[in-house]
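The block underneath contains the structure these notes are about, expressed in structure tokens.
The values are calculated or read from the model by the stated rules, or taken from the named source; none is laboratory data. Because the structure is predicted, anything quoted here is derived from the model rather than measured. Here Cβ is always computed from backbone atoms with ideal geometry, including for glycine, and neighbour counts include all displayed protein chains. The area values use the complete protein model at the heavy-atom level, side chains included, leaving out ligands, DNA and RNA. Shrake-Rupley method; radii C 1.70, N 1.55, O 1.52, S 1.80 Å.
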Amino acid sequence: MKRNRYTHMPNDKRTGRSKQVSRRRFSSIPLSIFPLLRDLRCFPIYVLAFMLVSISSCSSIDCPMNSLVYTQYQLRNSDGLVDTLHDTLTISTQRAIDGNDSILINRNVRTTEFSLPISYAHPQDVFFFEMIDTLTKATTYDTVTVTKEDHEHFESVDCSPSYFHTITAVSSTNHAIDSIVLIYPDVNYDTSRKHFNIYFRHRR
């Protein structure tokens, strides 16, 4: 039996005759379009995968939790060896917000080194040193002034800027402190660097 090359469709409402559509009409569609249609079906999947990769890459950015950086002080004696301060050491600074003193180091004993934060809103940081003799309880005060330049530092466009610094000068009064020497001017996240050698007058 010879197969009819027409496909019967529902009757036409106007003529009552059955519509006939030739199968040859579909043969004019190029075969190369079918892989494209398959790719279009997968397009939402590609978009979703790209979004997941983008989100995961953004979440891998670690912004610093603390934007402050610290200066490192090393105690030394006149021979250039590491020294020990036997006095009780307290260091404070004046808060810019209310002008009150903020204690940074509280009653350290047998100090050989210490760290102090550095601000990013002022050209100078002023620190107040209080030394109490552990035997006589006599108290001595000194003031240390650090002059610096501030530089914005960006870890990422998604993070707030941090501030690095270049120390340009340091000075002090000389009651218990003999002298302070700047040995490394750049202050950043590297805590292995010593920025100052500080020499104390010994009363024993």
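Values for this structure:
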{"read-out": "The range 175-188, subset assigned to a strand (DSSP E or B) and open to solvent by 30 Å² or more (accessible area, probe 1.4 Å), residue farthest from Val82 (Cα to Cα)", "value": "Asp186"}
{"read-out": "Tyr199 being open to solvent by 40 Å² or more (accessible area, probe 1.4 Å) and either at positive phi or not in a strand (DSSP E or B) (or both)", "value": "no"}
{"read-out": "Residue, nearest to Lys148 (Cα to Cα), within the range 84-114, restricted to residues that are in contact (Cβ under 8 Å) with a residue 40 or more places away in the chain and in contact with a Ser or Thr (Cβ under 7 Å, 6 or more places away or on another chain)", "value": "Leu89"}
{"read-out": "Failed condition for Ser172, given (1) modelled with pLDDT of 95 or more; (2) open to solvent by 50 Å² or more (accessible area, probe 1.4 Å)", "value": "(2)"}
{"read-out": "Meets criteria (touching a strand residue (DSSP E or B) at 6+ places or on another chain (Cβ under 7 Å), open to solvent by less than 50 Å² (accessible area, probe 1.4 Å) and either at pLDDT 90 or above or of a type in the set (Asp, Glu) (or both)) for Val146", "value": "yes"}
{"read-out": "Hits in the range 103-121 (condition: in a strand (DSSP E or B), among the β-branched types (Val, Ile, Thr) and open to solvent by 80 Å² or more (accessible area, probe 1.4 Å))", "value": "Ile103"}
{"read-out": "Among the candidates Thr90, Thr143, Thr191, Thr136, residue that is assigned to a loop (DSSP other than H, G, I, E, B) and within 17 Å of Leu75 (Cα to Cα)", "value": "Thr191"}
{"read-out": "Where a residue in the range 162-177 is farther than 23 Å from Asn188 by Cβ and its partner, wherever it lies, is among the aliphatic types (A, V, I, L, M) and assigned to a strand (DSSP E or B), with Cβ under 6 Å and at least six apart", "value": "Ser172/Val144; Ser172/Ile180; Ala176/Met131"}
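Condition check ((1) surrounded by 15 or more Cβ atoms within 10 Å (Cβ to Cβ); (2) over 19 Å from Leu68 (Cβ atoms)) across all residues:
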residue	(1), (2)
Asp101	no, no
Pro123	no, no
Glu130	yes, yes
Thr136	no, yes
Asp150	yes, no
His153	yes, no
Asp158	no, yes
Phe164	yes, no
